[in-house]
Amino acid sequence: MARHTAFAALAACAALLTATGCSSGFDSGKEPAQEKSEKQKLTVLIATSGDAETQAVKTAAAAYAKKSGNSVTVEVAKDMNQQLAQSFAGNKPPDVFYVNSDQFANYAKGGSLYPYGDQISDADDFSEQLRSSFSYDNKLMCLPKDTSTLGLAINSDLWKKAGLTEKDYPTTWEQLRTVADKLTGDGVTGLVTSDEYQRLGVFMRQAGGWVTDAGQTKMTADTAENAEGLSFVQDLLKSGSMKFAKAVDTSWGGEALGKGKAAMTIEGNWLEGGMKLDYPDVDYQILPLPAGPAGKGTLAFSTCWGVAADSAHHEASVDLVKSLSSAKQQLAFADAFGVMPSRTSALTSFAEQHPQAKAWVDGSAYAQGPVTIAGFDKVLSQFNTELQSLRTADPKKILADLQRNGEQAIAKGN
């Protein structure tokens with residue numbers, strides 16, 4: 001369930017990062033002494049979505065260990081951000097670890113990441129958007145391990161029960177409004193989503209707006225376009241044809257869809273694994289998100305394979321990452337736990353093998369990447385808090401607060 005709610009409790013991590021500043025290797029200006037033995041012991045820390053992901057990573061690590069002669073221990077974090085922050089502070093980090101895009105800039109600015117991007121000969125097989133999400137000071141710091149986008153998931157049985165057919169699949173906001181109204185009733189809400197910008201942000205993007213400019217040097221939150229996007233959501237909420245997941249006693253859109261409380265939800269490709277595990281008998285379809293006034297829009301999410309600056313195994317760690325991020329291994333991960341490959345070449349193969357994921361795959365071509373500015377996670381956490389009351393709040397005030405808080409973070413982050 002790692003991606004269902006993108007922002008967990010980050011306060012402990014932020015406090016530790018602020019206190020420690022950066023890794024010892026960065027402070028001294030020297031690379032930590034590197035082990036040169038033929039067989040090295042590597043540790044990998046992951047934040048897993050479930051047993052399938054854990055086992056897949058352990059299997060891939062074991063295959064690398066057998067081939068290389070190095071040993072690899074894979075550990076599952078209970079609280080990834082807190083454990084990483086503590087390990088950085090103690091100068092004993094894992095050699096390789098997951099880095100979420102929302103925390104990436106904090107770690108990069110703090111000097112906790114070893115920048116190995118220039119050692120990847122085929123880095124251009126990763127899209128520019130993904131490379132940009134994990135670059136700092138114009139350096140590719142770490143390789144994206146996978147990618148995800150958002151699509152419109154519909155409960156096929158509820159769709160048919162409402163008298164709707166494929167011809168009614170919504171391609172515009174107004175069509176979305178129409179079908180959401182028609183699907184609402186008898187304990188079913190037309191559209192249910194999480195109450196966070198990682199879902200609602202698609203409407204801002206479809207209206208032609210976003211949080212920052214493309215270079216992430218200027219806030220663009222307080223605009224008419226973003227207000228139009230949030231106002232459309234507010235109208236749906238007020239009509240009752242849209243509700244947040246908590247309002248229908250569920251924790252996320254996939255649960256609402258699976259339990260038949262939502263006829264539609266906005267979710268990413270991790271939905272497939274969740275539905276297969278918890279609601280295997282529910283028939284559903286994935287559609288492209290309806291276009292707004294400015295056209296199509298969706299959001300992209302990713303995690304990278306970080307290598308610790310304080311690791312004594314840089315060469316072996318990068319070698320491990322190369323193995324874990326190969327096209328063959330990414331396709332194996334996709335089959336095991338539902339993620340989409342971050343390599344363009346592998347994504348093409350994935351699309352051929354998984355036609356049901358077409359909307360998610362196609363969304364990669366126009367997806368908006370995350371904001372990756374040091375300290376910005378706090379800004380977006382506050383934005384999410386205010387979005388919870390969007391039904392009755394003033395969208396313009398919410399955006400004005402985001403603008404002000406973001407400008408302060410950019411000033412500090414740059």
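Checking each residue in segment 88-106 for being under 21 Å from GLN34 (Cα atoms), modelled with pLDDT of 95 or more and outside any loop (DSSP other than H, G, I, E, B) picks out VAL96, PHE97.
Looking for something among the acidic types (Asp, Glu), in contact (Cβ under 8 Å) with a residue 24 or more places away in the chain and surrounded by fewer than 20 Cβ atoms within 10 Å (Cβ to Cβ) - is there at least one such residue anywhere in segment 175-183? Outline the logic, then answer.
Of the residues in segment 175-183, the ones among the acidic types (Asp, Glu) are 181.
When the remaining residues are screened for being in contact (Cβ under 8 Å) with a residue 24 or more places away in the chain, the result is 181.
Remaining after also requiring surrounded by fewer than 20 Cβ atoms within 10 Å (Cβ to Cβ): 181.
Checked segment 175-183: at least one residue is among the acidic types (Asp, Glu), in contact (Cβ under 8 Å) with a residue 24 or more places away in the chain and surrounded by fewer than 20 Cβ atoms within 10 Å (Cβ to Cβ).
Hey, among the residues in segment 132-161 that are surrounded by fewer than 21 Cβ atoms within 10 Å (Cβ to Cβ) and either out of contact with any Ser or Thr (no Cβ under 9 Å at 6 or more places or on another chain) or among the acidic types (Asp, Glu) (or both), which one's nearest to GLN330 (Cα to Cα)? Don't jump to the end; show me each part of the working.
Step one: of segment 132-161, the residues surrounded by fewer than 21 Cβ atoms within 10 Å (Cβ to Cβ) are 132, 135-139, 156-157, 160-161.
If we keep only those that are either out of contact with any Ser or Thr (no Cβ under 9 Å at 6 or more places or on another chain) or among the acidic types (Asp, Glu) (or both) as well, we get 137-139, 156-157, 160-161.
Values: ASP137: 27, ASN138: 26, LYS139: 23, SER156: 30, ASP157: 33, LYS160: 36, LYS161: 39 Å.
Only one residue tops the list, namely LYS139.
Any residue in segment 192-210 that is under 20 Å from LYS160 (Cβ atoms) and open to solvent by less than 40 Å² (accessible area, probe 1.4 Å)?
Of all residues in segment 192-210, those under 20 Å from LYS160 (Cβ atoms) come to 192.
Next, only the ones that are open to solvent by less than 40 Å² (accessible area, probe 1.4 Å) stay: 192.
Yes - at least one qualifying residue is present in segment 192-210.
For GLY273, the conditions (1) over 25 Å from TRP210 (Cα atoms); (2) open to solvent by less than 20 Å² (accessible area, probe 1.4 Å); (3) touching an Asp or Glu at 6+ places or on another chain (Cβ under 9 Å) are fulfilled apart from (2).
Mind listing just one residue for me: the one in segment 219-228 that is out of contact with any strand residue (DSSP E or B) (no Cβ under 7 Å at 6 or more places or on another chain) and in contact (Cβ under 8 Å) with a residue 24 or more places away in the chain and, of those, surrounded by the most Cβ atoms within 10 Å (Cβ to Cβ)? Break it down stepwise before answering.
Filtering segment 219-228 down to residues out of contact with any strand residue (DSSP E or B) (no Cβ under 7 Å at 6 or more places or on another chain) leaves 221-228.
Filter once more, so that each one left must be in contact (Cβ under 8 Å) with a residue 24 or more places away in the chain: 221-223, 225-228.
Details: ALA221: 23, ASP222: 19, THR223: 18, GLU225: 17, ASN226: 26, ALA227: 21, GLU228: 20.
Among those that are out of contact with any strand residue (DSSP E or B) (no Cβ under 7 Å at 6 or more places or on another chain) and in contact (Cβ under 8 Å) with a residue 24 or more places away in the chain, it is ASN226.
Rundown of residues vs (1) under 25 Å from ALA207 (Cβ atoms); (2) touching an Asp or Glu at 6+ places or on another chain (Cβ under 6 Å); (3) surrounded by fewer than 22 Cβ atoms within 10 Å (Cβ to Cβ), yes/no style:
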| site | (1), (2), (3) |
| --- | --- |
| GLU255 | no, no, no |
| ALA263 | yes, no, no |
| ASP278 | no, no, yes |
| LEU289 | yes, no, no |
| PRO293 | yes, no, yes |
| PHE301 | yes, no, no |
| CYS304 | no, no, no |
| SER325 | no, no, no |
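Please go through segment 45-63 and pick out each residue that is over 20 Å from the mean Cα position of the chain (by Cα), hydrophobic (A, V, I, L, M, F, W, C) and either at pLDDT below 95 or surrounded by 15 or more Cβ atoms within 10 Å (Cβ to Cβ) (or both). Those that are over 20 Å from the mean Cα position of the chain (by Cα), hydrophobic (A, V, I, L, M, F, W, C) and either at pLDDT below 95 or surrounded by 15 or more Cβ atoms within 10 Å (Cβ to Cβ) (or both): ALA60, ALA61, ALA63.
When you check GLY406 against the structure, is it small (Gly, Ala, Ser) and more than 19 Å from the chain's Cα centre (by Cα), yes or no?
Taking the combined requirement at face value, the residue satisfies it.
Filtering ASP335, ASP362 for residues that are open to solvent by 50 Å² or more (accessible area, probe 1.4 Å), among the acidic types (Asp, Glu) and under 17 Å from the mean Cα position of the chain (by Cα) leaves a single hit, ASP362. The set of residues in segment 89-118 that are surrounded by 21 or more Cβ atoms within 10 Å (Cβ to Cβ), over 13 Å from ALA47 (Cβ atoms) and out of contact with any strand residue (DSSP E or B) (no Cβ under 8 Å at 6 or more places or on another chain) contains only ASN106. So which residues in segment 221-254 are acidic (Asp, Glu) and in contact with a Gly (Cβ under 8 Å, 6 or more places away or on another chain)? GLU225, GLU228, listed by residue number. LYS412 meets the conditions (1) closer than 28 Å to PRO288 by Cα; (2) in contact (Cβ under 8 Å) with a residue 24 or more places away in the chain in every case but one. The failed one is (1).
The values are calculated or read from the model by the stated rules, or taken from the named source; none is laboratory data. All values reported here derive from a predicted model rather than from experimental measurement. Don't worry about glycine lacking a Cβ; one is built from the backbone with ideal geometry, like all the others, and counts go over all protein chains shown. Quick note on the areas: whole protein, heavy atoms, side chains included, nothing else; ligands and nucleic acids left out. Shrake-Rupley method; radii C 1.70, N 1.55, O 1.52, S 1.80 Å.
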